Every structure is written in C-alpha cells, then in structure tokens.
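Beneath this line is the structure, given in structure tokens, with notes to follow.
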Amino acid sequence: MSRVCLDCRTTFIDGDRCEGEQHRTVALVGGRQALVEAVWGEPHGQVEAVTGLRAAHARALRVTATGLSVGAISGLVVGLGPLALLGAVVAGAAAGSALSSYRSRRAPPTHPRGAAPWPELTPFARGRIRAAELASSPASGLECAAWGIELRCHDAVLGARVMLRAGWTGGMAIALDNGEQVRIREGTIRIVGDLPQLADYDVAELETWLRAVDPGRAIGTELCPPILYNVIGETSLHVGDRVELFQGYEPEVVAGSGALYRDAPATILVPRTVATLRRIR
C-alpha cells in the first residue's frame, strides 16, 4: 500500500482509486507533504495548530487537576474518613474530567483533521465466503480471509477522529445467494461496519507496517506527524462468513470454460475497483 486518500484516509496500492467524488489520492513517496497539510493545515499554520492543541490539552489537565484538588479539600474540611476522602478525591477528578470533556466538545481543535466518512455505496448482493487465501493483520496478527483496521485518535480534546483506514485480502471466492460466483483477487479491500477497539496488539509489527506504508514516518521526531493514533479498531472476515457486497462488479469470462458455439461462456463476477464488503449475520 503506497497511496492514501487525503479525504477518507484510505490506503491503496498503485492502480487503485477512491470511489469518493473529488477525493484526492497521493503517493506517500514524493507526496507525503500533501498528507501532512491535509492533517495539520498549510505549512505556515502547522506550528500554530500544534501549539493550540498542546494548549487545549494543558487546559483540560488544569481543569481535571482543579477538580481533584476541590474533592480533596472538600473531604478534608468535612472531616471524612480515609475511604470517604478517597471517594471525594475520585469524584472531584471525575467531575473535572467531565467538565474538561464538555468544554472540548463545544469547541474541539480543528487540527489535526480526521478522515471524512467513506463514500456511500449501494448494496449489490449477499453471499457466503467459500474459500480464501489467508492474510495476516498487521495489528492483531490474526490470519483471516480479509482484515480491515482504523487508526483513531480518542481523547477529551480531540474527540474521536479516524486518521487512517486500511484493508487487505489474500484473495477469496464468494458464492452469492442468487447462485452467481464472485472472485476478489489479492489486494486492498474495504470492510465497512463496526471496527471494535483492539485491547491487545503488536506495537512493533504495526509500526513496521506503518513505516512500509509511509516510509517517511519517524516515530517521536516529527512536529506534525500525519498518522497519529492511540486507538486501533479492527474487523476481519473468515471462510464461512456471510457478507454483503456493494456495487461495482462486472462479469469476467472464466478461462478454459469450453463454451460451445452460440452458448454463453461461463463467467464470474469481479470488482471493477476496490471491493467493499460488510459482514452480516
């Protein structure tokens, strides 16, 4: 994956394109600055954006600390016992944190900018994954027919923002409910729907993958890193899963089908662009 959409932040391989109208994709080798500007703004405003974000975090910390102090002082004045005093301190910290979160939601920083929603597509058909070449997720390490991940920033100041989306399949065959067959080749894929937060992931493996996607990534040394995250969402597809497919397929003649004269040759459906799927019950 060497390209990224500046709008929905989806990663692609060369030759793929984003389905969103007017969405812009760039190669991260040679075009990385465009991603930095999409996240942090124009170069002359990047330092101000980082400074403003740090100031917002400092204000949030001060409000939380004030709440903690008020809880402690109130408990001492009232003369609470040790356990009750601890409860007052915790309650004060929680109140301060809630107030900080409320204030940040009213006017969250505009930078770093998160991703726009994925382009809306129309459901096309439903079916079941019958066979697949396994692919390994760079986050959980899980081997599956396809994986999708979101790198997100979650905190009281930023709120929840998606910073990067990626998906991959080793290739799979899907039998549709109407009897037609679908083949999705190895490559990038979009898996829509819920991407639950991973409780455990391989930091080193994920960072190795990120540096392969973004060779300019230098952990801890950039003022304005274009891919920053503290939460990882992941979902996966497996053989036997029922899935919903979205528009964008066309028939392809099956090689060696041996169709006779005037007979319709055997065909299989293949995606015209990046395949989009959703797991269903």
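The values are calculated or read from the model by the stated rules, or taken from the named source; none is laboratory data. Everything quoted here is computed from the prediction, not taken from an experiment. Methodologically, a virtual Cβ is constructed for each residue, glycine included, from the backbone with ideal geometry; neighbour enumeration extends over all protein chains shown. Accessible surface is based on the protein model in full, side chains and every heavy atom, while ligands, DNA and RNA are left aside. Shrake-Rupley method; radii C 1.70, N 1.55, O 1.52, S 1.80 Å.
Here are some notes:
- Intensity falloff of the range 180-258 expressed as log10 I(q)/I(0), Debye formula with alpha-carbon point scatterers, at q = 0.18, 0.19 Å⁻¹: -1.00, -1.05
- Legend: residues F12, F246, sorted from most to least accessible area (1.4 Å probe; ligands, DNA and RNA excluded), read F246, F12.
- Cα-derived Rg over Rh, computed across the range 103-243 with Rh taken as Kirkwood radius: 1.02
- Taking θ as phi - 60° and the Karplus parameters 6.51, -1.76 and 1.60, the scalar couplings of the range 172-183 work out to 8, 10, 10, 9, 6, 5, 8, x, 6, 10, 10, 10 Hz in sequence order, x denoting glycine and proline.
- Computed 3J(HN,Hα) for the range 231-236, one whole-Hz value per residue from the Karplus formula 6.51 cos²θ - 1.76 cosθ + 1.60 where θ = phi - 60°, is 9, 10, x, 9, 9, 9, glycine and proline marked x.
- Each residue of the range 149-156 is assigned a 3J(HN,Hα), and the resulting list reads 10, 10, 9, 10, 9, 10, 6, 5 Hz, derived from the Karplus form 6.51 cos²θ - 1.76 cosθ + 1.60 (θ = phi - 60°), x at Gly and Pro.
- Residue-span extension gain [R242 to V203] - 0.36 nm each, minus C-alpha spacing: 11.0 nm
- Summing charges over neighbours of G233, with a neighbour being any other residue whose Cβ is under 11 Å away from its Cβ, gives -1 when K and R count +1 and D and E count -1.
- Net charge of Cβ neighbours under 11 Å - reference T10; Lys, Arg +1; Asp, Glu -1: +1
- Summing +1 for each Lys or Arg and -1 for each Asp or Glu among the other residues whose beta-carbon sits under 9 angstrom from that of T169 gives -1.
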